[in-house]
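The values are calculated or read from the model by the stated rules, or taken from the named source; none is laboratory data. Computed from a predicted model, the values in this text were never measured in an experiment. Using ideal geometry, Cβ is built from the backbone for each residue, glycine included, and neighbour counts are taken over all protein chains shown. Accessible surface is based on the protein model in full, side chains and every heavy atom, while ligands, DNA and RNA are left aside. Shrake-Rupley method; radii C 1.70, N 1.55, O 1.52, S 1.80 Å.
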Amino acid sequence: MAKGNAFSWKPIVITKKILSMSTILVGALLLSAIALISGTLIAISNQHKKKRKQKLLTAFSTAGSESGLSFTAQEILKNQIIGIDGINRKIAVVAEVENVFQKKIILLHEVKECSLQKNYLHIPASNGGSEEKFLRNISLLFVFKEVHMPPEEIVFYDQVQDHVFEIKELEQKAIEWRDLILKLIGSKAEQKRA
């Protein structure tokens with residue numbers, strides 16, 4: 001038998017090289033974990049958006065069928081779909097408001113005018129400067145021939161749900177829809193423009 005202790009204890013020296021390798025390894029593991037979690041959350045979010053959009057499309061299709069409409073044009077926005085039936089001269093709007101689908105039908109033969117509206121939020125300036133204004137929404141405003149009918153509004157851009165970089169694109173869509181509607185209602189404004 002060997003004398004003394006079979007094991008000899010020597011102090012372990014951690015070199016800078018080993019320490020830096022373990023730091024890199026820990027960093028790589030953290031980045032991998034963050035990437036995995038982020039990817040999972042993005043996938044879940046996209047799946048949720050896709051399901052929401054499908055429900056909105058189904059509600060829109062149902063609203064069109066119930067009203068006997070055949071859409072010649074439609075526009076899908078974040079929380080609503082707009083469709084126009086050129087033959088029957090009707091517009092259908094289905095919007096999701098607080099997880100409930102709301103349907104609205106606008107009869108174009110009852111519309112007197114359709115105009116593009118830009119509504120601003122005015123913020124008073126401090127220190128005597130001029131007030132600032134921020135675009136709150138862009139919409140189409142429908143005024144009806146019958147005075148007792150309140151105006152209807154279809155919002156294309158809303159500063160709460162849309163990004164500021166989408167303003168130009170959504171404004172252009174609103175203009176295209178306004179022009180199409182003006183042609184269908186045969187407004188004097190459209191006749192002057194032609």
Quiz item: Which condition does Lys55 not pass, out of (1) within 21 Å of the chain's Cα centre (by Cα); (2) surrounded by 11 or more Cβ atoms within 10 Å (Cβ to Cβ); (3) within 22 Å of His163 (Cβ to Cβ), if it passes all the others?
Solution: (3)
Practice problem: Mind listing whichever residues of the stretch 172-186 are basic (Lys, Arg) and either open to solvent by less than 40 Å² (accessible area, probe 1.4 Å) or at pLDDT below 95 (or both)? | Solution: Lys183
Practice problem: Quick one: count up the residues across the stretch 133-173 that are touching a strand residue (DSSP E or B) at 6+ places or on another chain (Cβ under 7 Å) and either assigned to a loop (DSSP other than H, G, I, E, B) or β-branched (Val, Ile, Thr) (or both). | Solution: 8
Quiz item: When you scan the stretch 89-100, how many residues do you find that are open to solvent by 20 Å² or more (accessible area, probe 1.4 Å) and either under 16 Å from the mean Cα position of the chain (by Cα) or over 22 Å from Pro150 (Cα atoms) (or both)?
Solution: 5
Quiz item: For the stretch 19-128, list the strands (runs of 3 or more DSSP E) that sit wholly inside it and hold at least 3 residues that are without any contact (Cβ under 8 Å) to a residue 40 or more places away in the chain; which are they?
Solution: 80-85, 90-97, 100-107, 111-123
Exercise. For the stretch 134-150, enumerate the residues that are in contact with a Phe, Trp or Tyr (Cβ under 9 Å, 6 or more places away or on another chain), of a type outside the set (A, V, I, L, M) and either surrounded by 11 or more Cβ atoms within 10 Å (Cβ to Cβ) or over 23 Å from Glu171 (Cβ atoms) (or both).
Key: Arg136, Asn137, Ser139, Pro150
Practice problem: Inspect all residues belonging to the stretch 125-132 and state whether any of them is modelled with pLDDT of 90 or more and open to solvent by 90 Å² or more (accessible area, probe 1.4 Å). | Solution: no
Quiz item: Can Glu176 be described as closer than 23 Å to Thr58 by Cα, out of contact with any strand residue (DSSP E or B) (no Cβ under 6 Å at 6 or more places or on another chain) and among the acidic types (Asp, Glu)?
Solution: no
Quiz item: Got a number for residues in the stretch 71-86 being modelled with pLDDT of 90 or more, open to solvent by 80 Å² or more (accessible area, probe 1.4 Å) and over 14 Å from Arg178 (Cα atoms)?
Solution: 1
